[in-house]
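Q: The structure is given below, and queries will be raised subsequently.
The values are calculated or read from the model by the stated rules, or taken from the named source; none is laboratory data. Because the structure is predicted, anything quoted here is derived from the model rather than measured. Here the Cβ is made from the backbone with ideal geometry for all residues, glycine too, and neighbour counts use every protein chain on show. Remember, those area values only see protein heavy atoms, side chains included, never the ligands or the DNA or RNA. Shrake-Rupley method; radii C 1.70, N 1.55, O 1.52, S 1.80 Å.
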Amino acid sequence: MEALTWHGEKDVRVEEVPEPEIINPSDAIVEITATAICGSDLHLYNGKMPSMREGDVIGHEPMGVVVETGDDVETLEAGDRVVVPFTVSCGACWFCNQDLYSLCDNSNPNAELARQAMGQSPAGLLGYSHMLGGYAGGQAEYLRVPYADVGPVKVNSDMDDEEVLFLSDIFPTGYMAAENADIEANDTVAVWGCGPVGQFAIQSAEMLGADRVVAIDRVEERLEMAAEYGDAETINFEHEDVYDRLMELTGDRGPDRCIDAVGTEAHGMGLTSTADRVKQQAKMAHDRGYVLREAIKCCRKGGTLSVPGVYLGDVDSVPFGALMNKSLTVKTGQTHVQRYLDPLLEKIEDGDIDPSFVVTHEGSLQDGPDMYQKFNDKADGCIKSILKP
Ligand SMILES: [Zn+2]
Ligand SMILES: [Zn+2]
């Protein structure tokens, strides 16, 4: 079958690879009908994620049709149309039982690698390095889905793929970011980063009762999308000072809730030297640690900082003193996708949101390398690409 494979920095290829097979009785094989490129795929693309190997099949936002199930699978059968979450979760461990699916204790066969880097291992993720499971990803014609009774959500309605595909990651991720921000009535919420996750965080903040949402980015079409679909006020940080503007908008109190939907690209799980990190940071005009620092500075006293953006290693110069003295609450984590699948599918089916607003580009697997490049360069107005194998 054809798949997108990783070969190093800025080197994604379309290659012929073996079709996946059932390995465990709880597996299912899904024929992919649509699969998206995610902002966090760019960490792989830019060579920032350790423990990638040449030829790894990437991608973690897939959906399709079940073609085969293992003997233990009870909830799915061939022919079912499913969206597959990026988090691989066993459904039976202590963490899964608390709905903390992205912290599953059983789904990372390479847990020891992650333990060495982080102290404990989070869940395995589809198509996202060997340290996080070594699972083949979903930018391919077929995908093996482990724990098939726990992950995929069945789509019974006849909605288009692009309306439900983003249940795999970015809609739940934006929604959990807004939930983690502990939004109350009359709150002003500031969202750094108007990529796909930021767009869903903005709309979710409004669903959860925010009074105002302020969207911060430097790419005009992303700010326009936030204003048009998310009803957000916008700040272009290349033209305005973010702190000054936020203080002006909030009567000098600062936004009640701050969401960092940018994340990092600068660091790599302690595998990069401090000197390298300093060099990398010096090269970046608005580096990723900068967003975290700015959000802490801007947030109102006693406010909440929610971080859905993916960080991979250490972040230099986090103003922990400001965080402590201003009594901020920080909430973060990879998304517990399985927790959100049913309620958010219901919101889509009820017409509360049509997630397809975020799609700017569509192509086939063959277009994958070109789409990665466009997305990485923020060229051609690219905000979200989907590939249809
Ligand atoms: Zn993603
Ligand atoms: Zn588990």
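Q: Would segment 51-112 count as rounded, prolate or oblate if I go by the C-alpha gyration tensor, calling it rounded below 1.5 in a/c and otherwise prolate when a/b exceeds b/c, oblate otherwise?
A: Oblate is the answer for segment 51-112, as a/c is 1.5 or above yet b/c matches or exceeds a/b.
Q: Now for a different question. Considering Cα pairs under 8 angstrom that are at least six residues apart, work out the relative contact order of the chain and quote it in whole percent. Please list the in-between numbers first.
A: Values: 957 pairs, mean separation 70.0, N = 389.
It rounds to 18 percent for the chain.
Q: Follow-up question, since we're still on this one. What does the extension gain come out to for residue 74 and residue 149, with contour length at 0.36 nm per residue minus their alpha carbon separation?
A: 26.3 nm
Q: To continue, here is another question. Top to bottom by accessible area (1.4 Å), largest first, where do 378, 297, 48, 384 land? The partial results should precede the final answer.
A: Values: 378 75, 297 120, 48 50, 384 0 Å².
Result of the area sort, largest leading: 297, 378, 48, 384.
Q: Expressed as a whole percentage, what fraction of the accessible surface of the chain belongs to carbon and sulfur atoms when a 1.4 Å probe is rolled over the protein heavy atoms? Each step should come with its number before you reach the end.
A: On the way: 6730 of 15670 Å².
Carbon with sulfur: 43 percent of the solvent-accessible area.
Q: Would you please name the GluC sites (Glu not before Pro) within segment 69-126 that are DSSP coil residues with at most 13 other C-beta atoms within 10 Å of their C-beta? Walk me through the numbers on the way to the answer.
A: Details: sites: 74, 77, 112; in loops: 74, 77.
Answer by residue number: 74, 77.
Q: Then there's this: Between residue 346 and residue 218, with labels modelled 7 Å along Cα→Cβ, what's the label distance in nm to one decimal, could you check?
A: Modelled inter-label distance: 4.2 nm.
Q: Treating only the Cβ of Lys, Arg, Asp and Glu as charged (+1, +1, -1, -1), what charge dipole size does the chain show about its Cα centre? Round to the nearest 20 debye.
A: Details: 30 positive and 68 negative charges, 394 e Å.
For the chain, the charge dipole is close to 1900 debye.
Q: Right, next: Quick one: which of 48/374; 48/331; 154/374; 301/347; 10/384 span more than 22 angstrom between C-alpha atoms?
A: 48/331; 154/374; 301/347
Q: Any idea how far the Cα center of segment 374-389 sits from the one of segment 212-252, in Å?
A: 23
Q: So what's the net charge close to residue 20: Lys and Arg +1, Asp and Glu -1, counting the other residues with Cβ under 9 Å from its Cβ?
A: -2
Q: Given labels modelled 7 Å from the Cα in the Cβ direction, how far is it in nm from residue 244 to residue 22?
A: Calculated label separation equals 6.5 nm.
Q: Okay, moving on. Among 85, 111, 4, pick out the residue whose Cα is farthest towards the positive end of the charge dipole of the chain, where Lys and Arg carry +1 and Asp and Glu carry -1 on C-beta, about the Cα centre.
A: In the chain, that residue is 111.
Q: Quick one: length gained pulling residue 211 to residue 94 fully straight, 0.36 nm per residue minus the C-alpha distance?
A: 38.4 nm
Q: Right, something else. If you add up the charges near residue 98, with Lys and Arg at +1 and Asp and Glu at -1, over every other residue whose beta carbon is less than 13 angstrom from its beta carbon, what do you get?
A: -1
Q: On to the next question. With each label point set 7 Å from Cα along the Cα-Cβ vector, what nm distance links residue 14 and residue 182?
A: It is 4.9 nm.
Q: Send over a whole-number figure in Å² for the accessible area per residue of the chain, probe 1.4 Å.
A: 40
Q: Given only helices, namely DSSP H runs of n ≥ 4 each adding -39500 (n - 2.57), what is the per-residue ellipticity at 222 nm of the chain, to the nearest 500 deg cm²/dmol?
A: It comes out at -8000 deg cm²/dmol, rounded to the nearest 500.
Q: Taking only C-alpha pairs under 8 Å that are 6+ residues apart, what is the relative contact order of segment 280-389 in percent?
A: It comes to 20 percent, rounded to a whole number.
Q: Decide, for segment 87-141, between rounded, prolate and oblate: order the square roots of the alpha carbon gyration tensor eigenvalues as a ≥ b ≥ c, take rounded if a/c falls under 1.5, and otherwise choose prolate if a/b is larger than b/c, else oblate.
A: Oblate, because a/c is 1.5 or more while a/b does not exceed b/c.
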